[in-house]
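> Just passing along the structure, written as structure tokens.
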Amino acid sequence: PRLIFSGLEEVGQVPGRLERVLLPGVSEEEQPCVLVDYAHTPDALKNVLQTLQALAEGQLICVFGCGGDRDQGKRPLMGAVAAECASISIVTSDNPRSEDPEDIIQQVAQGAASIGAVELTIEELFGDQAVRYGDFPGFVCLEDRKTAVHAACVLAGPGDIVLLAGKGHEDYQVIGQERIFFDDRVEGLNGLLRWTIPHLLKALQGGTIIQHGKQTGLFGQISTDTRTWYKGIFLSPWPVKILTAMIIFRLRQRPGLRCLLSSRKC
């Protein structure tokens, strides 16, 4: 047994098998645990999720899909497994190949719904605190895998576990006849790098947020120039007391835009 144990200690990380994605310069305790795993069958997904259930201090978020032109019978089974074991499941595209990705996703979603999981919009996922903290199982369908991975990483916080399942070591996605570059490990890191409201408030040491319209929890560009406001975040260099009607008007013109007012110079 000692020889076996010492031998196992010499084995390095197997690519794509519970491989952790870490944000450089941030301690492990200050970021969610994002793991990439090749689990792409009902049994494999169940085993890894049950293992992670025992380790998660907070939420367990699972991002997964099913491949096209492969066994269709496993799709609802995987949906049910993820909904049963994870706090939140995000059903997305895997390698759809010649099939319509949306058709595959709906077959997976049927399995999740069959055990009582509730389908949510991405706005509901980010907006409802009861959903976020696992009072009942819910799932979201997002066809674009990059968006799904980023959403899971932004949603998670310290103590949470995010499982990116199904692709593991693969660095490609097969859509129709096209093979494109895609790596869950790369997109997991990109997801951890995305700005969030808590990140901005911490960086600016506080401020006031004004928003108009529904928010998805994900935003794009950040601007300090009123001439180039985007659907995302506008950092205002002006203090709250001189907030003008013009800003409110511009917010109403651009649903999804948020304005963060800070007394610090942006």
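What follows is calculated from the coordinates using simple rules that are stated; it is not laboratory data. Given the structure is predicted, the values throughout are model-derived calculations rather than measurements. Cβ sites come from the backbone with ideal geometry, for glycine too, and all protein chains shown count toward neighbours.
> Which pairs, out of 74/167; 46/167; 46/74, put more than 18 Å between their alpha-carbon atoms? Numbers along the way, then the final one.
Values: 74/167 16 Å; 46/167 16 Å; 46/74 12 Å.
In this structure, not one pair exceeds 18 Å between Cα atoms.
> Another question, if that's okay. I need the phi-derived Karplus couplings for segment 9-14: 6.51 cos²θ - 1.76 cosθ + 1.60, θ = phi - 60°, integer Hz, Gly and Pro marked x.
My calculation for segment 9-14 gives 5, 7, 6, x, 5, 7 Hz in order.
> Output the relative contact order of segment 12-193, whole-number percent, from Cα pairs under 8 angstrom with separation of 6+ residues.
On the way: 405 pairs, mean separation 57.1, N = 182.
Relative contact order comes out at 31 percent.
> For residue 139, enumerate residues with amide H under 5 Å from its amide H, sequence gap 5+ or separate chain, H modeled in the peptide plane.
89, 118, 119, 120
> Pop out the ³J(HN,Hα) list for segment 64-79 in order, Karplus 6.51 cos²θ - 1.76 cosθ + 1.60 with θ = phi - 60°, rounded to Hz; leave Gly and Pro as x.
After applying 6.51 cos²θ - 1.76 cosθ + 1.60, I find 7, x, 10, x, x, 6, 10, 3, 6, x, 7, 5, x, 5, 5, x Hz.
> Here's something else I'd like to know. Within 10 Å, count the other beta carbons around each residue, average over each peptide in 55-67, 93-105, 75-87, and list them highest first.
Working: 55-67: 22.2, 93-105: 18.7, 75-87: 24.5.
Result, highest mean Cβ count within 10 Å first: 75-87, 55-67, 93-105.
> Follow-up question, since we're still on this one. Over the alpha carbons of segment 62-193, what is the largest minus smallest coordinate on each principal axis, giving the biggest first in Å?
Its Cα atoms span 42, 35, 22 Å along the three principal axes.
> Same structure again: Starting from 0 in steps of 10 Å, tell me what percent of the Cα-Cα pairs of segment 1-102 lands in each bin.
13, 37, 31, 16, 3, 0
> For residue 202 and residue 190 in one chain, what is 0.36 nm times their gap in residues minus the Cα-Cα distance, to one decimal in nm?
Values: separation 12, 0.36 × 12 = 4.32 nm, distance 1.95 nm.
Here the answer is 2.4 nm.
> Under a straight-distance cross-link criterion of Cα-Cα below 15 Å, which aspartates and glutamates are reachable from residue 202, leaving out those fewer than 8 residues away in the same chain?
Once the sequence-local aspartates and glutamates are set aside, what remains near residue 202 is 30.
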